[in-house]
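Notes follow once the structure below has been shown.
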Amino acid sequence: MKRVVNGLLIVISLCLFMACPTPGGGSGGGGVIYPDIPRDTWTVLVHFAVDNNIDFEFERFHGIVSNYLNTLESIEAADTDDKIDIVVLMDCYNTDTQGEGYVSTFDDGYYHLTGGDFDSDLIVDIAEVNSGSLAETEDFLDWAVANYPADGYMYSIFNHGGGFDDQNIEGTYADYGIAFDDSHDDCLSHHEVGQATAHLTSLIGHNVDLFHAFACLMGGVELAYEMHEHADYMLFSEELFPADYWSYEALATITDSSDPVSALDIGKAFCDSAYNYFSAPVVDRSFTLSLICLSMIEDLANALSSYADAAITDINSSSNQADYNNVAYISFSMLSRYINDFYYMDLGDYCANIRNRAGIGSHAKNTAAAVQSAMSDCVTYMRNHDYPDASGITIFHNIWDGTLVYHVTTYKSILTFGSNSWADYLELMVSFGPLIPEADIYEPDNDFTTSNVIAVDGAAQEHTLHMAGDEDYMMVTLSAGTVYKIETHSNSVDTNTRLYLYNSAHTQVEYDYNSGEGNYSLINYYCPSTGTYYIRVRESSSSGTGDYLIDVQELGTIQADVYEPDNDFSTTNTISVGAAAQAHTLYGAGDEDYMRVYLNAGTTYKIETYFNLADTDTRLYLYNSAHTQVADNDDGGAGYYSLINYSCTSSGFYYIRVRDYYSNRIGDYLIDVQTSGLGLDFTRDDVDKNNKE
């Protein structure tokens, strides 16, 4: 659109409301009346805060920012009825502050998209944007509303996310919040995001229709409460959100419809679009995305305050803090641990566990049920993949003994929600000290001499790392020539395990960290000689505690694969793009596998190795037709497997080479070549998987 007009339309008190039924496969309050305000025209404000590794890594190697911008341009190009303006605040990596040897191809400034080339859409050139500056954010909002007014407004911040932990509000930069700017060591706190949205509301004369936190870990009640007076709906994820080639496709809901559309329509379209993309077999990425009705947040906050008061009374009158301790522990298992520590927990899961715990008083249970009901009213719509028990909203509840202990006094001081009695409940829990689980039945089992026996193909054993420094040792008999899977699993609380395997001489022969589900560990071991082996499990943090399940399963035997000989460029076999994965074996010292594949210029390909039978630590290389290496990867896939995302510039045959990281082990793997998928998350939490202990 090219409109520049004065005057703004419908104020929230004059809005049309209609009932929105509870959606299938999602969640929401049955019978609740949700705001459903049709808007004829829309301005979509997108803050691309990519002055960080989203530009110098995700864009540089995967074209992720270009892909997102192309999607937005395509939405604008399809706007034949002049229904949408898309304006962008771009803050890119135009100064090499991290020594990456890369400077962005974009320019900082304000853009109005026309449906063509993004570079040509620059309206206001700014030498250097600070994405963490509230004042600069408000300047962009002023410009956007003055020049591109509309009936409805969607405001989206695209960046990494770290949740509510907004220490930077006091002037100290930390990896929490949103809109991280590496050039300025700054970001926007929850409070600042709330202020920016309030400013936008004051400009347009009614609540922002839809706020979109396009980042990881932003799905907390704390952010929703900061926003509830300034926006009607919010889209956010309570989990790590995957970086991939899905982005703003759901905005086509505006341009495709012959009728006015509402924020409710757009929010649900985003959730469905994400589900359709990430649940597809070729992508298969875990995600959550919730649409929150912010007019219901006040009721949820009141219910939480009543629950907290009941819990405090219950604990003080019955001295049963151990029951609340247990519930807090088991409720963390719903979510990924942020930077290897407990931090946020799923609110619905927590309330369900409170209601199921025998030692907790009836009044606390009843108020927890009221919290669940209020939360269901808030979560208007939700879609997820691989998080079947997620409720859509998290809340802060630290375990008080990790490296990221966050003081409740700070929580109270920097968040509007901090005045809630929930913070008083947290302070009471802090007063009891670290939450420590009870010892398991296998103690003492803290070294080789006190190992307990675990049987191959037997039932999983339940173990607890019950105090700082606790370790568990087990011994098992393994047979030569056989592959075994040794794996830790979730029991009641999410525990970040490290897993070690030793031979009869107590020499370490294998190690794993986080190759299992979530933060659990998995070793697939090809046994070279029959004998007694020892398993050692510890918590990743030396001070961490928690429980887990562990079992040992026999998988079978490994033999040379059907593709041999394929040990150099002259003996390659062919692998096809989009075909079923091939099963290969690295059969002994020095064995390597070579494959040939035809790639087309202008297409991005994902070449990836996966687990088959035995855990194999692969290294992956890609060569052009002249046998010149053009890409390589170690540990970019799941666990210690490899992943290359390659944007092909010249059509022709390319060569793939796979070897074992150590060059002397027997193992097998699956490999395929696809045309989509990144395997990255929009999170500041970067685990060093190159620590091959």
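The values are calculated or read from the model by the stated rules, or taken from the named source; none is laboratory data. Fair warning: this is a prediction, and the values are worked out from it, not measured in the lab. Positions of Cβ are backbone-derived with ideal geometry, glycine not excepted, and every protein chain shown enters the neighbour counts.
Of the strands (runs of 3 or more DSSP E) that lie entirely inside the range 82-201, those containing 1 or more residues that are crowded, with 22+ Cβ neighbours inside 10 Å and assigned by TED's automatic domain parsing to the domain that holds ASP55 span 84-91, 109-112, 152-158, 161-163, 177-181, 186-188. Of the strands (runs of 3 or more DSSP E) that lie entirely inside the range 489-579, those containing 2 or more residues that are of a type in the set (Phe, Trp, Tyr) span 497-502, 508-513, 522-526, 531-539. Here ILE454 meets the list (1) among the aliphatic types (A, V, I, L, M); (2) outside the structural domain of ILE523 (by TED's automatic domain parsing); (3) farther than 30 Å from LEU294 by Cβ almost entirely, failing just condition (2). Among the residues making up the range 286-318, those that are assigned to a strand (DSSP E or B), under 30 Å from HIS206 (Cβ atoms) and touching a helix residue (DSSP H, G or I) at 6+ places or on another chain (Cβ under 8 Å) are LEU289, SER290, LEU291, ILE292, CYS293. When residues in the range 202-218 are screened for being free of Cβ contacts under 8 Å to residues at least 60 places away in the same chain and within 29 Å of the chain's Cα centre (by Cα), 6 of them pass. Of the residues that make up the range 159-182, is at least one in contact with a strand residue (DSSP E or B) (Cβ under 7 Å, 6 or more places away or on another chain) and modelled with pLDDT of 95 or more? Looking through the range 159-182, none of the residues is in contact with a strand residue (DSSP E or B) (Cβ under 7 Å, 6 or more places away or on another chain) and modelled with pLDDT of 95 or more. So for the range 215-226 (the condition being under 20 Å from SER376 (Cα atoms), in a strand (DSSP E or B), modelled with pLDDT of 95 or more and assigned by TED's automatic domain parsing to the domain that holds HIS62), does at least one residue qualify? No, that holds for no residue. Scanning the range 289-303 for residues that are modelled with pLDDT of 90 or more and within 30 Å of SER515 (Cα to Cα) turns up at least one hit. Taken over the range 59-80, the criterion of being assigned to a helix (DSSP H, G or I) and modelled with pLDDT under 90 is satisfied by ARG60, PHE61, HIS62. Restricting the range 605-644 to residues that are touching a strand residue (DSSP E or B) at 6+ places or on another chain (Cβ under 6 Å), surrounded by fewer than 20 Cβ atoms within 10 Å (Cβ to Cβ) and hydroxyl-bearing (Ser, Thr, Tyr) leaves a set whose member that is farthest from ASP660 (Cα to Cα) is SER625. The residue that is surrounded by the fewest Cβ atoms within 10 Å (Cβ to Cβ), counting only those in the range 430-459 that are at pLDDT 90 or above and of a type in the set (Phe, Trp, Tyr), is PHE448. Scanning the range 285-314 for residues that are in contact with a Gly (Cβ under 9 Å, 6 or more places away or on another chain) and more than 30 Å from HIS212 (Cα to Cα), we see that the one that is surrounded by the fewest Cβ atoms within 10 Å (Cβ to Cβ) is THR313. Counting the residues of the range 558-587 that are within 15 Å of VAL483 (Cβ to Cβ) and loosely packed, with under 12 Cβ neighbours inside 10 Å gives 1. Scanning the range 133-143 for residues that are in contact (Cβ under 8 Å) with a residue 60 or more places away in the chain and under 26 Å from the mean Cα position of the chain (by Cα) yields LEU134, THR137.
Among residues of the range 228-270 being surrounded by fewer than 24 Cβ atoms within 10 Å (Cβ to Cβ), charged (D, E, K, R) and out of contact with any Gly (no Cβ under 9 Å at 6 or more places or on another chain), the one that is nearest to GLU73 (Cα to Cα) is GLU249.
Looking at the range 252-260, is at least one residue in contact with a Leu (Cβ under 9 Å, 6 or more places away or on another chain), hydrophobic (A, V, I, L, M, F, W, C), in a helix (DSSP H, G or I) and farther than 25 Å from PHE61 by Cα? Checking the range 252-260: not a single residue is in contact with a Leu (Cβ under 9 Å, 6 or more places away or on another chain), hydrophobic (A, V, I, L, M, F, W, C), in a helix (DSSP H, G or I) and farther than 25 Å from PHE61 by Cα. Looking across the range 509-547, the residues that are at positive phi and crowded, with 21+ Cβ neighbours inside 10 Å come down to ASN514, GLY546.
Looking at the range 589-597, can you tell me whether even one residue there is of a type in the set (Val, Ile, Thr), assigned by TED's automatic domain parsing to the domain that holds ILE486, in a strand (DSSP E or B) and under 33 Å from the mean Cα position of the chain (by Cα)?
No, that holds for no residue.
Candidates in the range 663-693 are the residues that are modelled with pLDDT of 75 or more and not in a strand (DSSP E or B); of these, the one that is surrounded by the fewest Cβ atoms within 10 Å (Cβ to Cβ) is THR675.
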